[in-house]
Amino acid sequence: MSVAYPAPVYRRAHWYVLAVAIPTLAGFLPTYFGLFPRMQLAHHVHFWAATLWLVLLFAQPMLIARGNLSLHRTMGMVGIGVVIVFYATSMYVAWYSAGDAAAKGLPQQLLHWVDILAVNFALIAVVLAVVWRKTVAVHQRLMLATLFAGIVPGVGRALGQFVLAPAGLPGAVFPIVIFGGMILAALAWAWADRFKHPVTLGVLATVLVLSVSTFTIGASEWWREVLATFGIPQELYTPFRLDP
C-alpha cells in the first residue's frame, strides 16, 4: 500500500532518525556500561526502553516507505507501551539524580532542566501523533519531533566525549555548539516546510524556548533549590552498588 507523503523530503525520514540515533546511543553507552554494576532495575529498563524507542523511530518510517502499513500499525501499538515505560523511567531517574545535580551545581542542574523538559515534550508529541495518526502530514512530523528530546542529552554527550574533550576545548563551547546546532536543525526543518506547517513551527518555537530557559531558569539558584528539595540528597548510583 502506497502512502501519500506530505513532502518528498519525508521519504527519507528514517535516515534522519538514524543520523540522530547513532550519536545518541554512542553518547550513553560508555556511561551505561561503565556504571552497569551499580545500577538498579529502573535504570536498565530506562536505557533499553530508550534504545527500543529509537529503533522503532527508525523502523516505522522505513516500513511506510516500503508500503507495509499493516506492520507499521502493529509496531505503533508496541511503541505506545515503550513510550509509557520510557517516560516513567525517565522521570524516576530524573527524580533520583536531582539531589546529586543540585549538590554539584552547573552544569548538572542545567542539564537536568533540559532532560525533564525534553522528555515531557517528547511525550506530548507522541500523544498528539496518536491523536492525528490518520493525517500523515501531521503524524509523521510529530513523530520526528520526538528526536529533539535526545539531541542535548544524547548527541551532546557524544559530542563532548568524542570531540570537544579530546580537542581540549573549554566547557563554554559545549552549550554554544549543541544548542546552536539544535536551533539550526529546527530552522532547517522549518525551512524545508517553507515555514508554513504548524508542527515544524511549533518545534522551532519549543527549541527556542528550551534554549533560552535553560540558560535562565535552568541555571538559576531557584532551580537548584527545587532539585535539592525534591531530589535524593546523595551521589547518583551510590546505593545501587551490588558489591558488599
So the check is Cβ under 7 Å with 6+ separation or different chains; which pairs have a first residue in the range 221-236 that's surrounded by 12 or more Cβ atoms within 10 Å (Cβ to Cβ) and a second one that's modelled with pLDDT of 75 or more and among the β-branched types (Val, Ile, Thr)?
Trp223/Ile217
Filter result for Leu18 (farther than 17 Å from Ala122 by Cβ and under 14 Å from the mean Cα position of the chain (by Cα)):
yes
Flag if Pro23 is at pLDDT below 85 and either open to solvent by less than 80 Å² (accessible area, probe 1.4 Å) or more than 18 Å from Trp191 (Cβ to Cβ) (or both):
no
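Which one of these is aromatic (Phe, Trp, Tyr) and modelled with pLDDT of 95 or more: Trp191, Trp222?
Criteria check complete, one pass: Trp222.
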Looking at (1) under 22 Å from Phe148 (Cβ atoms); (2) aromatic (Phe, Trp, Tyr); (3) open to solvent by 30 Å² or more (accessible area, probe 1.4 Å), which is the only condition Phe47 fails?
(3)
Every listed condition ((1) part of a helix (DSSP H, G or I); (2) within 20 Å of Leu117 (Cα to Cα); (3) at pLDDT below 90) holds for Thr214 save (3)
Of everything in the range 93-102, what is touching a residue at least 40 places away in the same chain (Cβ under 8 Å) and within 22 Å of Leu54 (Cβ to Cβ)? Give them in sequence order.
Val93, Ser97
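Answer yes or no: is there a residue in the range 65-82 that is part of a loop (DSSP other than H, G, I, E, B) and either among the hydroxyl-bearing types (Ser, Thr, Tyr) or in contact with a Gly (Cβ under 8 Å, 6 or more places away or on another chain) (or both).
So the first thing to find is which residues in the range 65-82 are part of a loop (DSSP other than H, G, I, E, B), and the list is 66-68.
Among the residues that remain, those that are also either among the hydroxyl-bearing types (Ser, Thr, Tyr) or in contact with a Gly (Cβ under 8 Å, 6 or more places away or on another chain) (or both) are: none.
No, the conditions are met nowhere in the range 65-82.
Can you list the helices (runs of 4 or more DSSP H) found entirely within the range 103-197 that contain at least 2 residues being free of Cβ contacts under 8 Å to residues at least 12 places away in the same chain? Spell out the reasoning first.
Values: elements: 108-131, 136-145, 156-159, 173-192.
Ranges flagged: 108-131, 173-192.
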Being touching a Lys or Arg at 6+ places or on another chain (Cβ under 7 Å) and either open to solvent by 30 Å² or more (accessible area, probe 1.4 Å) or under 20 Å from Asp193 (Cβ atoms) (or both) is the filter here, so list the residues in the range 89-148 that pass it.
His139
Considering only the range 162-199, state which residues are under 14 Å from Leu111 (Cβ atoms), under 21 Å from the mean Cα position of the chain (by Cα) and not hydrophobic (A, V, I, L, M, F, W, C).
Pro175
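The values are calculated or read from the model by the stated rules, or taken from the named source; none is laboratory data. What you see is a predicted model, and the numbers here were worked out from it, not measured in a lab. Cβ coordinates were reconstructed from backbone atoms using ideal geometry, including for glycine residues, and neighbour counts include every protein chain displayed. For the accessible areas, the whole protein counts, side chains as well, though only heavy atoms, and no ligand, DNA or RNA atoms are used. Shrake-Rupley method; radii C 1.70, N 1.55, O 1.52, S 1.80 Å.
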